[in-house]
Amino acid sequence: MGIRGLESYLESLDESVFYPVNLKSLGNPGDHPNVIVIDLQSFLRKMYHDLGKLDLICGGQNQEYQELWSNFISKLVSAGLKPVFVNDGT
């Protein structure tokens, strides 16, 4: 999914293109949570390496990785967001 190099291209045009967003403010707790669509391929490395500080090269930290995902999804759901992951490519 996505366009290879798009993020770095946009950043080269204007650094303010990307900014932090408070996901809790987007949520709708209750019977009808808001849907948030996440590009899985773009997020996998960030989840494993940047957020989890796990060893991307050697791997083998499956329990820690699973805990990261469980915590992330739980936080989204408790904020009233329904995560939908889109996966495309190889």
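The values are calculated or read from the model by the stated rules, or taken from the named source; none is laboratory data. Quantities reported herein were computed from a predicted structural model and do not represent experimental measurements. Note: accessible area is taken over every heavy atom of the protein model, side chains too, but ligands, DNA and RNA are not part of it. Shrake-Rupley method; radii C 1.70, N 1.55, O 1.52, S 1.80 Å.
Data overview
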| item | result |
| --- | --- |
| Shape call, the chain: gyration tensor on alpha carbons, a/c limit 1.5 | oblate |
| Residue of V21, V35, V77 that the Gaussian network model of the chain assigns the largest fluctuation, springs spanning Cα pairs under 10 Å | V21 |
| Candidate lysines for bridging to K82, where Cα separation is under 24 Å - those fewer than 8 sequence places away on the same chain excluded | K24, K46 |
| Accessible area of segment 17-88 belonging to carbon and sulfur atoms, whole % at 1.4 Å probe | 54 percent |
| Most mobile of K24, K75, K53 in a GNM of the chain (Cα contacts under 10 Å) | K53 |
| Interchain or long-range residues, amide H under 5 Å from F85's placed H | I38 |
| Average Cα contact separation per residue, the chain, under 8 Å, 6 or more apart, as relative contact order % | 42 percent |
| Amide H within-cut-off set for N34, under 5 Å, with H built and near neighbours excluded | N28, K82 |
